[in-house]
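Since the structure comes first, as structure tokens, the remarks are kept for the end.
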Amino acid sequence: MRVAVLSDTHSPRYWKACPPAVAELLRPADVILHAGDVCRAETLDELAQYAPVHAVLGNNDGPDVAAWGAPERLELELAGLPVAMIHDSGPAKGRGLRLRAAFPDAALVIFGHSHIPWDETSNGQRHLNPGSPTDRRRQPRGTMGELVIEDGRLLSARIVPVT
């Protein structure tokens, strides 16, 4: 299973329409995860034209994103791998312990909020922030994530520059 991972797209301020480099990574995806701050439900509909979408609410998301079906936190299984998603994981210090306590059964936790790409394993759990493809802030490039999952195992996870 190929999974495209996005966060902090902040439409329409930064995401007017799907950027071409992002679309290239969405086309082969079997599923898309969005870790919040999409800001408009229409953007989730746009993403759903590529593959099924699972999203969580970010601090800038309104009632329309909640009505679309985005909860504050999400736990799901992708190709047998237990995955959790939340927008704000809190400060980097203590993140691993916090995420393990919040999602004890997840092998992988996806989060956003900081716009800072992050990929680490802590306390036996993988933590990934894809960054933002459109609002890079102090990062050198806009980024997103790409996962390959098979038979309950995360075969690969990478953060991909898209600007």
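Mean residue ellipticity at 222 nm, helices only, the chain: -4500 deg cm²/dmol; runs of at least 4 DSSP H residues each add -39,500 (n - 2.57), and the sum is divided by the number of residues. Applying both filters, DSSP loop and at most 15 other Cβ atoms within 10 Å, to the trypsin sites (Lys or Arg not before Pro) of segment 41-139 gives Lys93, Arg137, Arg138. Please name whichever of Asn123, Leu44, His54 sits farthest to the positive end of the charge dipole of the chain, dipole taken about the Cα centre and charges placed at Cβ: Lys and Arg +1, Asp and Glu -1. My answer, from the dipole projection, is Asn123. Net charge of the neighbourhood of Thr121, taken over other residues with C-beta under 13 Å away and scored Lys/Arg +1, Asp/Glu -1, is +1.
Compactness ratio for the chain: Cα radius of gyration over 2.2 N^0.38 Å (N = residue count) comes to 0.93. By accessible area, using a 1.4 Å probe on protein heavy atoms only, the chain has 51% of its surface on carbon and sulfur. Distance between the C-alpha centres of segment 18-81 and segment 84-163: 15 Å, rounded to the whole angstrom. Okay, which of segment 71-111 sit inside 14 Å, backbone N to the point 7 Å along the Cα-Cβ direction of Leu155? Only 79-81 pass the distance filter. Each DSSP beta bridge with both residues in the chain is either parallel or antiparallel, and the antiparallel ones are about 65%. Each residue was assigned an accessible area with a 1.4 Å probe, and for Asp30 the value is about 80 Å². For the pair Asp105 and Asp64 in one chain, pulling the backbone fully straight at 0.36 nm per residue adds 11.8 nm over the alpha carbon distance.
Given +1 at the Cβ of Lys and Arg, -1 at the Cβ of Asp and Glu and no other charges, the dipole of the chain around its Cα centre is 660 debye to the nearest 20.
The values are calculated or read from the model by the stated rules, or taken from the named source; none is laboratory data. Every value quoted in this text rests on a predicted model; they were computed, and no experiment measured them. Cβ atoms come from the backbone with ideal geometry, glycine included; neighbour counts cover every protein chain shown. To get the accessible areas, we keep the full protein, side chains included, count just its heavy atoms, and leave off ligands, DNA and RNA. Shrake-Rupley method; radii C 1.70, N 1.55, O 1.52, S 1.80 Å.
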